[in-house]
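The values are calculated or read from the model by the stated rules, or taken from the named source; none is laboratory data. The structure presented is a predicted model; accordingly, all values stated were derived computationally and were not measured. All Cβ positions, glycine included, derive from the backbone under ideal geometry; neighbour counts span all protein chains shown.
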Amino acid sequence: MSEDFTHRFTGRASDYSMHRPEYPRQILDILKTECGFDQDKTVADIGSGTGLLSRLFLQNGNKVFCVEPNDEMRSFAEQDLSRFPNFVSIKGRAEDTTLKDSSVDLVTVGQALHWFDHQLAKKEFERILRNNRDVCIVYNDRSEKDPFMKEYDSLVRRHARNRAKVPEINKALPVKLVQKWNVQRVQLLERTIPRSRGSCRPDYVRVLHAQLI
């Protein structure tokens, strides 16, 4: 990816943290079932932003390296998450995390995969991961069947400026990852998130668990 997106959220950290949805605890249950994940595992949350996904693992008792290239987003996370003793803030990016070789058990990516150079990121993940090389990619999504959410998404598409193209996370994605990343195992799961009528919160969280060869 030739364009540098690392400054895209400068000046938006507070709004991002306030209005972006959190991630459900069911993600922890999925990872426990899929790869035996527990509170003793060390996590590298890549493109961690203001720490929305990182917080889930920190509350679980995990040590989390929050890797974020944007200074303002990273600073916001440091102020919010410093109360957790296992929180470690890292200035880095998916393609160059600065973490040590074989230093983490799980790489997580929340709503950020579309910013990465996928091939360089894969090499970096392989370097820092140990054991089964587990990767968890998470995206919140809206239901296209809900009339309100369908109209809301149409409104955003019409009026949003310089909107990033977010990859479609569906059953075709595991095949694409197998082709591009040469993964050993991949599982795509979908969970419904309850929401009140008229809310602009997402309907689904899509969780992709993969093991890099």
*Among the strands (runs of 3 or more DSSP E) confined wholly to the stretch 106-213, which include 1 or more residues that are at pLDDT 85 or above and among the aliphatic types (A, V, I, L, M)?*
129-141, 204-212
*Check SER102 against each of (1) assigned to a loop (DSSP other than H, G, I, E, B); (2) modelled with pLDDT under 95; (3) of a type in the set (Gly, Ala, Ser) and name the one condition it does not meet.*
(2)
_Unique residue being over 23 Å from GLU22 (Cβ atoms) and either among the polar types (S, T, N, Q) or out of contact with any Leu (no Cβ under 6 Å at 6 or more places or on another chain) (or both) when the list is GLN119, GLN59_ = GLN119
*Using the structure shown, decide if ARG83 is at pLDDT below 95 and either surrounded by 22 or more Cβ atoms within 10 Å (Cβ to Cβ) or not in a helix (DSSP H, G or I) (or both).*
no
*asked:* Against the condition modelled with pLDDT of 95 or more and not basic (Lys, Arg), how does ASN70 come out, does it pass?
replied: no
_I'd like the residue in the stretch 53-69 that is within 15 Å of the chain's Cα centre (by Cα) and in a loop (DSSP other than H, G, I, E, B) and, out of all such residues, is surrounded by the fewest Cβ atoms within 10 Å (Cβ to Cβ)._
PRO69
*Being in contact with a strand residue (DSSP E or B) (Cβ under 9 Å, 6 or more places away or on another chain) and within 15 Å of ILE213 (Cα to Cα) is the filter; apply it to the stretch 102-119 and report the residue that is surrounded by the most Cβ atoms within 10 Å (Cβ to Cβ).*
VAL107
_Index of the failed condition, VAL88 passing every other in (1) assigned to a strand (DSSP E or B); (2) within 26 Å of ASN182 (Cα to Cα)_ = (2)
*Return the total of residues in the stretch 34-52 being modelled with pLDDT of 95 or more, farther than 16 Å from ARG93 by Cβ and not in a loop (DSSP other than H, G, I, E, B).*
2
